[in-house]
Structures are given as C-alpha cells and as structure tokens.
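Engineer: My structure is below; once you've seen it, I'll send some questions.
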Amino acid sequence: MLAEILDYAALEHDPDVSRLARAIHARCGIDYRGNLYSLAIKAGARVTALGVTFARYLRHLDQHPTEWDALIEAITVNETYFFREECQLEELARVVLPELADRDEIRIWSAACSTGEEPYSLAMAILESGVVPLDKVRIYATDINRKVLKSAEQGFYPAQSMCFRRTPERMKKLYFDEEPGGFRVKEHIRDRVRFMRWNLLHDAAGLLPVMDVIFCRNVLIYFDEASIRTVASHLSGRLAEGGYLFLGHAETVSGLVPGLHTINAPSTFYYRKEGGTA
C-alpha cells in the first residue's frame, strides 16, 4: 500500500484525490482541483501516517472531523517573513495612519496571519512611525491553521529562520529579546496582537469588530474566482467606511466588490472603502 500511496504520478489521476480536492475547496476555498499532483504529495503525508488509501482517508475525515486540522496544516502554505512588501508598511505610516490618527482606537486585521510575522511587523512599523501611540492600536490576527497560530502566539523565531531575511539588525535589537536558539518578539509588541482561528470563507461579523485597516496578503492567489468574491465581500463587510484594504502585490479584487476604490501609490496599490468615517 505504501508504494501505491507514494506513486504520486498515478495519484494525480486518482478520482479519490480529486474528491479530496473538492472537499478542501468546499471547506476553506483553497483550490487544488487543478493541481492534484501537489495535493497528492501534501495530503499524502497524512494518508501515509494513518496507513490508509485516499478513499479510506475521505471516510476518515467524515468520521473524525478533527483530522481536518491536521490536513489543513499539511496543505497550507505558510512561507512568510518580517517586513514583507515593505512599501505597503511605508504607505500605512505615510498616508493611512495620519488619516486615522484622531480615532480613539485604530483596529487592524491581519487575515491569514500564518506564524505571526505580519501582525508583529505592523505593530513595529506603527511604533517606528511615531504617528500614533501603539497603545491606541489593536491588531487582530487570524488564520485557519491551528498549528501556526500556536507558534504565532509564542512570538519565538529560530535564529537561522528565513523570516529575518528583511529584518535590519537595529529592528531586531529594538523589538526582540534574544533567547537560546532564537529571538522572541518583545512583550509590549505581542500585547497589541490578538490571535484567533478563522476561516475566511465565513463572515467574521460575529467574531471581529469593524476594522479601520485590513491586511489580507498572499492568500487569495490560492483561491478560485468564486471564493475570492466571497472572501472579498466578507473583508469589505468588516471594513469601516473610509477604511483601507491591503492585498498581496499579485492579488486584486477590483470590480468584485462595490464601494472599494483602488488607490494607486507610486510603489504599491490598495483599496479604500468609499463613504464617511465610521
């Protein structure tokens, strides 16, 4: 059976792998339906660990719903690093924060936050800007993957991790405590971030307050158009009038959601929700 499971070329055409791709798409929007070979490799780790076929694994998912957590850990892409797409952080400090500075509280959502580098980078960038006090900012960070959320909450990153490849030494010294084997984000930064598990295909109205800024970067590239429309609608629904939405540089929701106006800055683009302030 093991040899069969590891024969990924054959599994690429296995109807059970196709059924699994459809189940994943329905559950969380991640679209492997056109990339069954990659799914066979990633999900194959769980199938092999359980010593079953893909057909039996589908039944196992039905009978043991907690297995979905392990499968999502296996199939999600969690590559990220501190100060990613720095031009957007600069735009946040230069344009967005001054627009929001008179609010009693500024709420920011880091959607699909992975292991936490993005929300922590946001907190550091805000503190560096000096535009608003950090204690005036509340950052909400969500992801569907329980494992990466646990890691993010700890705020510890191994010294040799690629997550530091864009982190200046000055920033590392200011905002991290060195510990054996790595660095931990300083407590006053961690305290500004609240981590929660959430599936972006669902409306977060019952979980999150209305946001002034949303970062949802480098996740829509894994969704099909229908799922992108759903997620974009949910994000817009959580965005205050006059609020801002940042996506990854290769992602767009232009024309998908009424009321989102594209802002073309010199080095990036993002969206503003039309209307007055919330």
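The values are calculated or read from the model by the stated rules, or taken from the named source; none is laboratory data. What you are looking at is a predicted structure, and each value in this text was computed from that prediction instead of being measured. Cβ placement follows ideal geometry from the backbone for every residue including glycine, while neighbour counts extend to all protein chains displayed.
Engineer: Restricting the search to the stretch 151-168, which residues are of a type in the set (Lys, Arg) and surrounded by 13 or more Cβ atoms within 10 Å (Cβ to Cβ)?
Structural biologist: Arg166
Engineer: For the stretch 94-117, what are the residues that are buried (at least 19 other Cβ atoms within 10 Å of the Cβ), in contact with an Asp or Glu (Cβ under 9 Å, 6 or more places away or on another chain) and more than 20 Å from Ile228 (Cβ to Cβ)?
Structural biologist: Residues satisfying the conditions are Val96, Leu100, Ile106, Arg107, Ile108, Thr115, Gly116.
Engineer: May I ask you to say which residue of Ala3, Ala9, Ala26, Ala43 is buried (at least 16 other Cβ atoms within 10 Å of the Cβ), out of contact with any Asp or Glu (no Cβ under 6 Å at 6 or more places or on another chain) and either over 23 Å from Arg229 (Cβ atoms) or at pLDDT 95 or above (or both)?
Structural biologist: Ala43
Engineer: Now, a different point. Go through the stretch 125-140 and give me each residue that's touching a Leu at 6+ places or on another chain (Cβ under 8 Å) and either in contact (Cβ under 8 Å) with a residue 40 or more places away in the chain or crowded, with 21+ Cβ neighbours inside 10 Å (or both).
Structural biologist: Result: Ala125, Ile126, Leu127, Leu134, Ile139, Tyr140.
Engineer: In addition: When the stretch 182-207 is examined, which residues are found to be of a type in the set (A, V, I, L, M, F, W, C), part of a strand (DSSP E or B), out of contact with any Pro (no Cβ under 6 Å at 6 or more places or on another chain) and under 26 Å from Leu247 (Cβ atoms)?
Structural biologist: Val185, Phe195, Met196
Engineer: If only one of Tyr222, Tyr175 is under 14 Å from the mean Cα position of the chain (by Cα), surrounded by 13 or more Cβ atoms within 10 Å (Cβ to Cβ), farther than 21 Å from Arg272 by Cα and in the same structural domain as Ile126 (by TED's automatic domain parsing), which one is it?
Structural biologist: One residue alone meets the criteria, Tyr222.
Engineer: Something else about it: Residues of the stretch 111-131 being under 15 Å from Glu79 (Cα atoms) and outside any helix (DSSP H, G or I), which ones?
Structural biologist: Selection gives Ala111, Ala112, Cys113, Ser114, Thr115, Gly116.
Engineer: Looking at the stretch 132-167, which of its residues are in contact with a Pro (Cβ under 9 Å, 6 or more places away or on another chain), assigned to a strand (DSSP E or B) and within 22 Å of Asp69 (Cβ to Cβ)?
Structural biologist: Tyr140, Ala141
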